[in-house]
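The structure appears below as structure tokens.
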Amino acid sequence: MKILKHTLLSLLALIILVVIAGLIILNNIKTKAIPDYSKNIELTGLTSEVNIFRDAYAIPHIYAKNENDLYRAVGFTMAQDRLWQMDLLRRVTLGRLSEILGKDQVNTDLLLRALRFQEKSEKILSSASPEIIQALESFSDGVNEYINNYPLPPEFIILGYKPELWKPIHSINLIGYMSWDLTSGWNTELLLHQIGNIVSKEHLKDLIPDMNSQNTAVYPDFQPNKNIPDITLLSVGKELEKIGAQVFSGSNNWAISGKKSVNGKPILANDMHLGFMSPGIWYQMHQNVEGQLNVSGLVLPGQPFAIVGHNDSIAWGMTNVAVDDLDFYAEIVNQDSTHYLIDGEWKELLIKKEIIQTKEGENIEKKLRFTHRGPIINDFKKSAEFPISIHWLGNEMSNEIRTVYKLNRANNWSDFRNAVKTFTSISQNIVYADVQGNIGLQCSAGIPIRKGNGIQIYRGDSSIYDWKGLVPFEELPFEFNPERAYVSSANNKTVSEDYPYYISHWFSMPNRIDRIRELLEEKDKYGIEDFKQIQSDIKSKKAERFTPVFLNALETENDLNTAEKNALNFLKEWNYELCKQSIAATLFEILYRKTGENIVKDELPEELFSSIMGQKILIENLLITILNKNTSPWVDNIKTSQTETFQDIIIQSFKET
């Protein structure tokens, strides 16, 4: 018995020691890469002393005596805080996730390689100015100093690899990453093609926004050049089989001139809603070279320049234009998939062999096929019933690195416009203000010149549907010091319908821009506190529009139980503010979604129903269309013997809510 007791005690002691040792090891992995911000560092290659101050939020303020030292310190500092994120984004742009995450990522890697980020980056790098190349090289040297000499973040230890050295081209690859992240079309065009195979043309038409009904434009007073050749004129709405595109949405920006400012100086606000992640996509910093550069703003981890922010002369911020910048083409290929038909002739496909290394040690061989437009993407869109290629704006020549480098140094509106003219593949409305009192807004976008309206799947066997280039920068909309004394955008419709080029159908609904402009019209003068209140405003214009419609329908229903009557009273008394304590806000959001569900689910099989409910813009536009037309073939439930009205659907949805 004593032997058993001693054995158990020894075993318990061993377990405790193992646990303690494990905790020590885990804590060491977790904490050893945390930088000591108070420590002096000998950084190789510096020619003068660099001072880095961290504020209460650990945001770095870097003071150097020349730009080479500055960007070397920027690279080192960024690697201290964001090296894992930088390496992950680099692997995304190179299609090398399988090496660290396993063979489940092979198809993702193949798609990312099909987008050919680096091919474009090599062209940009080869034509870059010497000062930009030097800045990128200094930045890379700073990153590599950290990789070679300092503890790595825990993700590298857990996954068992060391990051490769950073190169200037890796910074430029991030152009492709951001362009793809903000592109339109990939998620919904084939979905709507599938829906169009099941429902009528009238059903499909109600999913496509009517641009004439969206009255709020980013550039309401912009007058397009009427002398543009007829070849570029687009007939929006003529195509019966309309197929839409999902857009990235969410950003806001605005600026007021001194006329509306309490201190007589412009005030600028910007709010970019990119994908939520931890750490966030932006890295805030302040960079200073006395007498040459003093810029503060947001950089993208992996490149050294402020994307948005301000210097001593100007401030700028961005919102997504929501350009329809990706087109699908139904291709005809020969039996062995080596040629495709174009204008009556068989043209050879570009076939690239890709070897994808996996964490498991396998080398998986895949093939990518390209037409002159871009990759054939059937391996990534399993639902496609015929070979489909894409033409994507991200593969068009642009130079966003040049833009942000010059923005960091711009002194006036002329410098600003010269800088943003190469910001093409990441289409943005860029807001502007300067210390001289000027404000402006410039559409910097790659808008394809194409036949048709851009939202159908084009015939691939004819070059008539190929892009004919991009709209010249000189013909893009802009505003400078408008009489109303403010400019603003929120991913909404860009210009009026008389603009001669098709931009998109898939802008955000004008709810946010209408609320912003409503607030900007409330007072004669605004200060910083007013802008804070506008940015934190929670009143919903969508709720303001739909709630009375819901209430009118529900007032006709006599068969409500006690809980439903209480819920109805909450909605009646609501001020349309989406605060977390609001019962009415919760009721509205669920009722709104339920109404959308009950309108479409009877017409669609489960898979397509699930897919369309994941595309908010399609459901939102359908509900707006029903409000505008007071009818739609979607409303009636085809699975019942009676004919339902929109009012019936609202009542049903309210009871389910």
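The values are calculated or read from the model by the stated rules, or taken from the named source; none is laboratory data. Please read all numbers here as calculations on a predicted model, not as lab measurements. Note that each Cβ is placed from the backbone with ideal geometry, even for glycine, and that neighbours are counted across all protein chains shown. The area values use the complete protein model at the heavy-atom level, side chains included, leaving out ligands, DNA and RNA. Shrake-Rupley method; radii C 1.70, N 1.55, O 1.52, S 1.80 Å.
Protection proxy ranking, highest mean first, for peptides 47-59, 298-310: 298-310, 47-59, where packing is the per-residue count of other beta-carbon atoms within 10 Å, averaged. Accessible surface of region 548-629, 1.4 Å probe: 49 percent of it comes from carbon and sulfur atoms. Of the residues Val92, Thr44, Ile464, the one whose Cα sits farthest towards the positive end of the charge dipole of the chain is Thr44 (charges of +1 on Lys and Arg Cβ, -1 on Asp and Glu Cβ, taken about the Cα centre). Taking amide H positions as modeled 1.01 Å from N, with prolines and chain starts lacking one, no residue 5 or more places away or on another chain lies under 5 Å from Ala128. Helical content alone sets the calculated 222 nm signal of the chain at -11500 deg cm²/dmol, taking -39,500 (n - 2.57) per DSSP H segment of four or more residues and averaging over every residue. Sequentially through region 361-370, phi angles give Karplus couplings (6.51, -1.76, 1.60; θ = phi - 60°) of x, 7, 10, 9, 9, 9, 10, 10, 10, 10 Hz, Gly and Pro residues having no value and appearing as x.
Working from the Cα coordinates of region 388-461, the gyration tensor eigenvalues give, after taking √(5λ), semi-axes of 32, 13, 7 Å in decreasing order. For region 616-632 and region 405-447, what is the separation of their C-alpha centers, rounded to whole Å? Value for the Cα centre distance between the two parts: 36 Å.
Here the alpha carbons of region 91-189 define both size measures, Rg and Dmax, at 15.5, 48 Å.
Dividing the alpha-carbon Rg of region 585-647 by 2.2 N^0.38 Å yields what? Computed over Cα atoms of region 585-647, the ratio equals 1.10.
Within a straight-line Cα-Cα reach of under 17 Å, Lys32 can be paired with the following lysines, leaving aside sequence neighbours fewer than 8 residues apart in one chain: Lys162.
Just the protein heavy atoms count here, and of the accessible area of region 291-398 at 1.4 Å, carbon and sulfur take up 46 percent. Here, region 289-430 has an Rg and a Dmax of 21.4, 65 Å when only alpha carbons are counted.
Computed over region 37-167, the convex hull of the alpha-carbon atoms projects to a mean area of 9.3 nm².
What base-10 log of the normalised intensity I(q)/I(0) is obtained for region 290-348 from the Debye formula, alpha carbons as equal point scatterers, at q = 0.26 Å⁻¹? Values, matching the q order: -1.08.
Counting only protein heavy atoms and a 1.4 Å probe, region 291-429 has 38 square angstrom of accessible area per residue. On a per residue basis, region 460-540 carries 42 Å² of accessible surface, using protein heavy atoms and a 1.4 Å probe. In terms of packing, defined here as the mean over residues of other Cβ atoms within 10 angstrom, the peptides 81-87, 117-123, 196-202 line up highest first as 81-87, 117-123, 196-202. Computed over every Cα-Cα pair of the chain and binned at 10 Å starting from 0, the pair-distance distribution P(r) comes out as 3, 13, 21, 23, 20, 12, 5, 2, 1, 0, 0 percent.
Where does the charge balance sit around Val323 when Lys and Arg score +1, Asp and Glu -1, over other residues with C-beta under 13 Å from its C-beta?
Local net charge: -2.
Express the Stokes-Einstein translational diffusion coefficient of region 85-130 in µm² s⁻¹, to the nearest whole number, given a Kirkwood radius over alpha-carbon pairs, 25 °C and a viscosity of 0.890 mPa s.
Rounded, D is 215 µm²/s.
Using the empirical formula 2.2 N^0.38 Å as the baseline, the Cα radius of gyration of region 409-516 reaches a ratio of 1.23.
Here the accessible area is traced with a 1.4 Å probe on the protein chains. For region 40-141, carbon and sulfur cover 49 percent of it. The charge dipole of region 498-657, taken about the Cα centre with unit charges on the Cβ atoms of Lys, Arg (+1) and Asp, Glu (-1), comes to about 360 debye, rounded to the nearest 20. Taking a sphere under 13 Å around the Cβ of Leu174 and counting the other residues whose Cβ falls inside, with K and R at +1 and D and E at -1, yields a net charge of +2.
When a/c is below 1.5 the answer is rounded, else prolate if a/b is larger than b/c, else oblate, so apply that to region 30-72 with a ≥ b ≥ c taken from the square roots of the Cα gyration tensor eigenvalues. Oblate is the answer for region 30-72, as a/c is 1.5 or above yet b/c matches or exceeds a/b.
Note on region 38-100: Cα-only Rg and Dmax are 14.5, 42 Å. Per-peptide packing, taken as the mean over residues of other Cβ atoms within 10 Å, places 463-475, 133-145 in the sequence 133-145, 463-475 from highest down.
Could you tell me the ratio Rg/Rh of region 506-572? Both radii from Cα atoms, Rh via Kirkwood.
Rg/Rh: 1.16.
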